[in-house]
Every structure is written in structure tokens, then in C-alpha cells.
Amino acid sequence: MMNLFNIIFLISIVIYSYANEIDLKNSILKNLKKKYHLLSLKYHPDKQKYNTEISNILFNEITDIYTELHKYIISLNFNDEEELDNLINDYNSLVIENNKQIDFANNCEKEYHNLINDYNSLVIKNNNLIDDYNSLNNKYNYVNNKYLNILNRYNLRE
């Protein structure tokens, strides 16, 4: 997910040799904002049918990263090569940390789906057992009625 974010951001940084500092900042901020809006729409909790807790975590992470990057970019002097390297390194460490959290959230989501599948399987088994019980109960009642009919026919009732 964040790989596209990373690529867009890094491409924006590469163009610094072709633009002045103000244009570069505006270009980077524009690309950053576009990607933020795409990701925030995709993972917004109101847009999710299931797993709103996980999407809430992802949405908050995306918002936090956007906010940090936005503030950081505004404060930068893009004429300083060392500062650009620090920006890229800081950004990459943010992406790595966010990817770890996204992987964790995805694993939680998979576990959640596995638990739902297990639960549904148990419900189906339970329903099958209920059906089997009802079927056996019907057979018992049928046999019992036959037995009572035979007793009544031959006056063998006690």
C-alpha cells in the first residue's frame, strides 16, 4: 500500500534539480496530498463494511504519516543535500514502521476471518446436529406411534 506513496514522494524529491525550492515543495505537497486522499478514502472506517477497528487503525496511521510529512516538508530547505537525505531516510523509516503495522493489521484481519469461518463452520455443524436430532426424534415418534397403534389394536395396553 505505502509503496506507491513512497514512489510518488521520491519522484517528487528527484525533480528538485528541475525546479526551485517553492515549486518543489508545492509539487511534493500536492503529490503527498493526492496520495493521502486516495488512501484515506480507501481505508476510512465509514467506508468499511467489516473490520472498522482495523480500518480505523490504518486510517489513523495514514493521517499521522501525512501530517508528519507535511510539517516536515514545509520546514525543509531543499537546497541542502544532507537535509534531503535525512528526509528520505526519515520517510523510509516511517514507511517501514507503517508497513509493519499494516502487516500486523492484515494478520489480525486474516485471524478475524478465520475465526468467523470457524464460527460459521460450528454453526453449520450445530444446525446439522439439530437436523439429525429432529430427524431421529421424528423417527422415534413414528416408531412410538406404530408401537402404540399395535398395542391399541391388540388391547395390550397396561
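Here is how the numbers come out for the structure above:
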{"item": "Inter-residue pairs, beta-carbon under 6 Å, first closer than 15 Å to Ile62 by Cα and in the stretch 78-101, second outside any helix (DSSP H, G or I) and modelled with pLDDT of 70 or more, 6+ apart", "result": "none"}
{"item": "Subset of the stretch 86-122 (residues that are closer than 21 Å to Leu69 by Cβ and charged (D, E, K, R))", "result": "Asp90, Glu97, Lys100, Asp103"}
{"item": "Counted residues, the stretch 35-54 - those being on the phi < 0 side of the Ramachandran plot, among the polar types (S, T, N, Q) and in contact with an Asp or Glu (Cβ under 9 Å, 6 or more places away or on another chain)", "result": "1"}
{"item": "The stretch 2-56, residues that are at pLDDT 70 or above, assigned to a helix (DSSP H, G or I) and polar (S, T, N, Q)", "result": "Asn26, Ser27, Asn31, Ser40, Thr52, Ser55, Asn56"}
{"item": "Residue check for Asn126: in a loop (DSSP other than H, G, I, E, B), surrounded by fewer than 13 Cβ atoms within 10 Å (Cβ to Cβ) and either at pLDDT 90 or above or among the polar types (S, T, N, Q) (or both)", "result": "no"}
{"item": "Residue in the stretch 107-114 that is without any contact (Cβ under 8 Å) to a residue 60 or more places away in the chain and among the aromatic types (Phe, Trp, Tyr) present", "result": "no"}
{"item": "Failed item, numbered, when Leu87 is tested on (1) within 17 Å of the chain's Cα centre (by Cα); (2) at pLDDT below 80; (3) of a type in the set (A, V, I, L, M)", "result": "(1)"}
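The values are calculated or read from the model by the stated rules, or taken from the named source; none is laboratory data. Since the model is a prediction, treat every value here as computed from it, not as a measurement. Ideal geometry is used to build each Cβ from the backbone, glycine not excepted, and the neighbour counts take in all protein chains shown.
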